[in-house]
Amino acid sequence: MSRAVCPGSFDPVTHGHLDIVGRAARLFDEVVVAIGVNQSKSRLFGPEERVAMLERAVAGFPNVRVEGFTGLVTDFCVEHDAQAIVKGLRSSSDFDYELPMAHMNSALTGVETVFLPTATGQSFVSSSLVKEVASFGGDVSAFVPDFVLEALTRRLAERT
């Protein structure tokens, strides 16, 4: 069985993330969406909230599951017998950032990285940009699932 890991912070999950997960689900028998939990980093949504959002977002993919993790993604891959890490690339700068990590991950454990280009129309979307635009009252409904938009709007209102 082929298994891949799609790691990220997903704060919040976007349609771009879901496009990559869905395409990975067509390439691999099983995909584990691995949500990085780093207590030292400030996130808009807590680990449990991000896991719950992702579980709801990927419910339509029968071969995708969601788990939180701490530490190295390569350790997570070894623990879950994953052969690949799937990363979405929005631009050449993403590739420049991700390639050395892919080499390191392969050198550490033999886990290969598969790069998927983002879908047309999603290359500029990031969780950070979605949060920033939404915090100024911009309409980000085209970039996140409806239930994520509701949670995002609520959370930002709590902070004002």
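Coordinate-derived values only; no laboratory data. Since this is a predicted model, take the numbers as computed values, not measurements. Cβ coordinates were reconstructed from backbone atoms using ideal geometry, including for glycine residues, and neighbour counts include every protein chain displayed.
Odds and ends about this structure:
- Fewest-first ranking of T113, T70, T160, using other Cβ atoms within 10 Å as the exposure measure: T160, T70, T113
- With a Förster radius of 35 Å applied to the beta-carbon distance between A157 and S106, the computed FRET efficiency rounds to 0.20.
- When you restrict to C-alpha pairs under 8 Å that are six or more residues apart and normalise by the size of the stretch 78-131, the relative contact order lands at 46 percent.
- Exposed chymotrypsin sites (Phe, Trp or Tyr not before Pro) absent: longest stretch of the chain, with sites in DSSP loops and at most 16 other Cβ within 10 Å deemed exposed: 1-123
- Matching label, Rg and Dmax of the Cα atoms in Å computed from the structure shown, candidates [x] 24.9, 84; [y] 15.4, 48; [z] 27.6, 104: [y]
- Calculated [θ] (222 nm, deg cm²/dmol) that DSSP helices of n ≥ 4 give over the chain, each run adding -39,500 (n - 2.57): -13500 deg cm²/dmol
- In the stretch 11-101, trypsin sites (Lys or Arg not before Pro) in a DSSP loop with at most 16 other beta-carbon atoms within 10 Å: K41, R90
- Using a simple spin-label model with pseudo-atoms 7 Å out from Cα toward Cβ, R26 and M1 lie 2.3 nm apart.
- In this calculation the C-beta distance from L129 to E79 is compared with R0 = 30 Å, giving a FRET efficiency of 0.40.
- The charge dipole of the chain, taken about its Cα centre with unit charges on the Cβ of Lys, Arg, Asp and Glu (plus for the first two, minus for the last two), comes to roughly 260 debye.
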